[in-house]
Amino acid sequence: MANLLRLNDLSDLEIYGILDQANHFLKLSPDEWQQAPASELVANLFYEPSTRTRFSFETAEKRLGYQVLNFSSQTSSAKKGETLYDTVKTMEAIGCRAVVIRHPQEGYYRELLNANGIAVLNAGDGAGDHPTQGLLDLLTLQQEFLILEGLTVAIIGDLRYSRVARTDAEVLTRLGAHVLLSGPDEWKNEALPGDRVSVDEAIERADAVIMLRIQHERHESAMAMTKEEYHQRYGLTRERAARMKPESIIMHPGPINRGVEMDSDLVECERSRYFKQIRNGVAVRMASLQWTLQDGRKPQII
Amino acid sequence: MANLLRLNDLSDLEIYGILDQANHFLKLSPDEWQQAPASELVANLFYEPSTRTRFSFETAEKRLGYQVLNFSSQTSSAKKGETLYDTVKTMEAIGCRAVVIRHPQEGYYRELLNANGIAVLNAGDGAGDHPTQGLLDLLTLQQEFLILEGLTVAIIGDLRYSRVARTDAEVLTRLGAHVLLSGPDEWKNEALPGDRVSVDEAIERADAVIMLRIQHERHESAMAMTKEEYHQRYGLTRERAARMKPESIIMHPGPINRGVEMDSDLVECERSRYFKQIRNGVAVRMASLQWTLQDGRKPQII
Amino acid sequence: MANLLRLNDLSDLEIYGILDQANHFLKLSPDEWQQAPASELVANLFYEPSTRTRFSFETAEKRLGYQVLNFSSQTSSAKKGETLYDTVKTMEAIGCRAVVIRHPQEGYYRELLNANGIAVLNAGDGAGDHPTQGLLDLLTLQQEFLILEGLTVAIIGDLRYSRVARTDAEVLTRLGAHVLLSGPDEWKNEALPGDRVSVDEAIERADAVIMLRIQHERHESAMAMTKEEYHQRYGLTRERAARMKPESIIMHPGPINRGVEMDSDLVECERSRYFKQIRNGVAVRMASLQWTLQDGRKPQII
């Protein structure tokens, strides 16, 4: 058993292994998916609202044959003051083999150091990490370009509060891709690896452009410009898209604010891999879950 | 694949086909229900609170063998500003074959014009339509009277804001039944087909009396009378029920405000088909889901 | 079919029968759990927030092979004014064989007197009863001490608002255990059977110490002392734990307010059965559900 907390905790070999397994799942017929005994349980503990990630994990779990317990913080006894550690140990005592957790607090999982009887999959920790999003972005890039090394990937927008930006920038750099970072000055993030360039340069040079969602819910004050201004200054307008390299693609972690980060017409344009990313997400989460629950694996030190 | 958005979009033949299939499901033993491969997914997206309709659809889906994803707007990322179109396309990308949607906005489904890879079943759009409620009402009437043509059906109460009133009045009129409409003047609805009569006349003439729930949540201001006054003036009192025709029946789409729309003693009286309607609802939703997902069917133009 | 509403409604024989069956489930392998046909439905209706009890019931239901419908009052049409009776009858009409209900109103189940076609399992009614918590506490004590008769069990803390206190004190007394009660004067409860003693005496004399959770949500005013004061005066401090009898054990119904009812270090100490109680809870709920749904059983008079 292992945890999947930060993508950077995994070796290159482990990352490529998960991607291979995800590609394998994409080729299997539905009848071949179910691999877990029907009595095995997995719990999804979401302390922040989510549709896509929760449904994606739930689908992955059900396709592998797991029974699923869903918890959203609004209807739970989280209000009763229980620690996250006790909640996770309770899930283990109830019989869960794994918990998938999304939590607003960066690094929440450090509290789970001694919960060794159950696998923990991080579905997003505040502005920290989002490892399965990173994996599905890698899978999408790999399907398109085969080799990640040497690719130029632009990550544009809310660099400060986006866990996707952090996870992607770190793992892409490590795997040999060249990362370009761009976005409003007030949202820049010195901690991310990559070259700071203008939005126009980033879009024109990149093989893949990842437009980040504005994390309205994490900003303490309202954005200093209108949505239209943001779109014109930092968004993927149709004009900018027209200047992309011939084979380059558009990605977005979702959900999209149409007309803000990206022109609405681009969401389903030929370059866009938006819905393909979502499809890949299910396969990556199946592979991730299977990876954490492999026999003989030691619990990872947090 | 087809959508089920407004009952009036279906031909008479299609409506009777769904009713036949629902009756067929009611005769099958539970072991014979499961018809879908266990890996198929259906999502329920409820943007308004609901117990009965959501559970009814969920039961129908599970009995047919589908895996079910449940979404309620309170715990989702609907707050993150994603369009309904993008949410539905996301469900499709995740692997869902159908989505069941309840939404406060009348005609919300017009936004889904191009979401052709997934079947959409309307579980209620604002004060618009509620096609499966219409179908279960037809099924209940058909079980009782065999032939809908020539039946007299009274629809009484909140005609303005009830999607049940609209769906039922339209489909019953089309299928040859005679519709009587009654209720408070301030809630009248000129758009509905049917004869306007007094509450007493409606109840005395009808073969079936459908008492509508007061849609408190859709009224902008509080009701101008007390619940007791409403009951005496427009409700199904015991006195009025005593003047019903010998074989006539009582129906209500639920949930009931006991003592308001209907005397509490009448809910389970011999004439009442209230809980039978709920039972029929599951069968009708099984048949509806099966109908939308039939092979070879073309997506319906919205 | 039977209801499980108050533990005191069951005969000693019935209680020991459920405990035996729960122990039996704990010995079975997962493949042997599933006993219900996959088309059978059970609904969980939770009108109060809950993680552990809802998940515990849901796990028990799924392990027995039931399909599960989950309802939480925040996202349901409970707001639409439907009576609990009508909701339960609706669940029956939809096809559920049993409903598990948690509700803030003590004795809510008296309203369900005539809902005879569906089994009702009480998962907690206000400050009333919590029969499956009582059963899992009995199971935990029985596993430890084999015989309940003659055991000394201390129940300490919020005696007034704890349904666990009431259920445990009554059933333990009836089965021949000796109950010691202790806690703040303002939370004393004359209705409970047992000897009133000081916290120190209770802890020093008991074979098992049950520390109650402070029911913040049921108290009308804030506690008159700080959490630290409560811990020092009424909590299980490390000092008090050191004076426990050699073989005595620590229990808590959860969720724990660490450092208040119990020192944080004691939660997983050798004496603690906290997570074992949770494990036992799933087995007890499997046995309880099976007990209520046994053929040939008559509905219980409420």
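Would you tally the residues in the range B:160-176 being assigned to a loop (DSSP other than H, G, I, E, B) and modelled with pLDDT of 95 or more?
Result for the range B:160-176: 2.
Please go through the range A:185-218 and pick out each residue that is under 22 Å from the mean Cα position of the chain (by Cα), assigned to a loop (DSSP other than H, G, I, E, B) and more than 14 Å from chain B (Cβ to nearest Cβ). Working first, answer last.
Kept after step one, since they are under 22 Å from the mean Cα position of the chain (by Cα), are these residues of the range A:185-218: A:187-195, A:202-203, A:206-218.
Then keep just the ones that are assigned to a loop (DSSP other than H, G, I, E, B); that gives A:188-194, A:206-207, A:212-215.
Across the range A:185-218, the qualifying residues are A:LYS188, A:ASN189, A:GLU190, A:ALA191, A:LEU192, A:PRO193, A:GLY194, A:ALA206, A:ASP207.
Any residue at all in the range B:190-200 that's under 26 Å from B:ALA287 (Cα atoms), open to solvent by 10 Å² or more (accessible area, probe 1.4 Å), touching a residue at least 12 places away in the same chain (Cβ under 8 Å) and basic (Lys, Arg)? Break it down into steps so the answer makes sense when it comes.
Kept after step one, since they are under 26 Å from B:ALA287 (Cα atoms), are these residues of the range B:190-200: none.
So far as the range B:190-200 goes, no, none of its residues is under 26 Å from B:ALA287 (Cα atoms), open to solvent by 10 Å² or more (accessible area, probe 1.4 Å), touching a residue at least 12 places away in the same chain (Cβ under 8 Å) and basic (Lys, Arg).
Within the range B:13-20, is there a residue that is at pLDDT 95 or above, under 29 Å from B:PRO255 (Cβ atoms), in contact with a helix residue (DSSP H, G or I) (Cβ under 9 Å, 6 or more places away or on another chain) and β-branched (Val, Ile, Thr)?
So far as the range B:13-20 goes, yes, one or more of its residues are at pLDDT 95 or above, under 29 Å from B:PRO255 (Cβ atoms), in contact with a helix residue (DSSP H, G or I) (Cβ under 9 Å, 6 or more places away or on another chain) and β-branched (Val, Ile, Thr).
Residues in the range B:24-52 that are buried (at least 17 other Cβ atoms within 10 Å of the Cβ), within 13 Å of chain A (Cβ to nearest Cβ) and in contact with a helix residue (DSSP H, G or I) (Cβ under 8 Å, 6 or more places away or on another chain): how many? Before you say what the answer is, go through the steps one by one.
Taking the range B:24-52 as the starting set, the residues that turn out to be buried (at least 17 other Cβ atoms within 10 Å of the Cβ) are B:25, B:33, B:36, B:38-52.
Keeping just the survivors that are within 13 Å of chain A (Cβ to nearest Cβ) gives B:36, B:38-47, B:49.
So of that shortlist, the ones also in contact with a helix residue (DSSP H, G or I) (Cβ under 8 Å, 6 or more places away or on another chain) come out as B:39-47, B:49.
So the answer is 10.
Which condition breaks for B:ASN70 when tested against (1) assigned to a strand (DSSP E or B); (2) open to solvent by less than 10 Å² (accessible area, probe 1.4 Å); (3) not aliphatic (A, V, I, L, M)?
(2)
Of the residues C:ALA93, C:ALA115, C:ALA98, which is under 25 Å from B:VAL282 (Cβ atoms), more than 9 Å from every other protein chain (Cβ to nearest Cβ), outside any strand (DSSP E or B) and open to solvent by less than 10 Å² (accessible area, probe 1.4 Å)?
On the way: C:ALA93 fails: more than 9 Å from every other protein chain (Cβ to nearest Cβ); C:ALA98 fails: outside any strand (DSSP E or B).
Answer to the selection: C:ALA115.
I'd like to know if the range B:267-275 contains one or more residues that are in a helix (DSSP H, G or I), buried (at least 16 other Cβ atoms within 10 Å of the Cβ) and free of Cβ contacts under 8 Å to residues at least 12 places away in the same chain.
Of the residues in the range B:267-275, the ones in a helix (DSSP H, G or I) are B:274-275.
Of the ones still in play, those that are also buried (at least 16 other Cβ atoms within 10 Å of the Cβ) are B:274-275.
Next cut, free of Cβ contacts under 8 Å to residues at least 12 places away in the same chain only: B:275.
Scanning the range B:267-275, I find at least one residue that is in a helix (DSSP H, G or I), buried (at least 16 other Cβ atoms within 10 Å of the Cβ) and free of Cβ contacts under 8 Å to residues at least 12 places away in the same chain, so the answer is yes.
Being part of a loop (DSSP other than H, G, I, E, B), more than 21 Å from B:ARG97 (Cβ to Cβ) and over 21 Å from the mean Cα position of the chain (by Cα) is the filter here; which residues of the range B:1-41 pass it?
Hits for the range B:1-41 are B:LEU28, B:SER29.
Can you tell me which residue is farthest from the chain's Cα centre (by Cα) among those in the range C:220-265 that are β-branched (Val, Ile, Thr) and more than 14 Å from chain A (Cβ to nearest Cβ)? Outline the logic, then answer.
So the first thing to find is which residues in the range C:220-265 are β-branched (Val, Ile, Thr), and the list is C:226, C:237, C:249-250, C:256, C:260.
This time we only want the ones that are more than 14 Å from chain A (Cβ to nearest Cβ), so: C:226, C:237, C:249-250.
Values: C:THR226: 27, C:THR237: 24, C:ILE249: 18, C:ILE250: 16 Å.
Result: C:THR226.
Can you name the residue in the range A:118-157 that is surrounded by fewer than 24 Cβ atoms within 10 Å (Cβ to Cβ) and acidic (Asp, Glu) and, of all such residues, is nearest to the chain's Cα centre (by Cα)?
A:GLU144
Inside the range B:101-112, can you point out the residues that are surrounded by fewer than 19 Cβ atoms within 10 Å (Cβ to Cβ) and either touching a residue at least 60 places away in the same chain (Cβ under 8 Å) or assigned to a strand (DSSP E or B) (or both)?
Filtering the range B:101-112 down to residues surrounded by fewer than 19 Cβ atoms within 10 Å (Cβ to Cβ) leaves B:104-107, B:110-111.
Hit for the range B:101-112 is B:ARG110, nothing else.
The values are calculated or read from the model by the stated rules, or taken from the named source; none is laboratory data. Everything numeric in this text was worked out from a predicted model, so none of it was measured. All Cβ positions, glycine included, derive from the backbone under ideal geometry; neighbour counts span all protein chains shown. Protein only, heavy atoms only, side chains kept; ligands, DNA and RNA dropped before computing areas. Shrake-Rupley method; radii C 1.70, N 1.55, O 1.52, S 1.80 Å.
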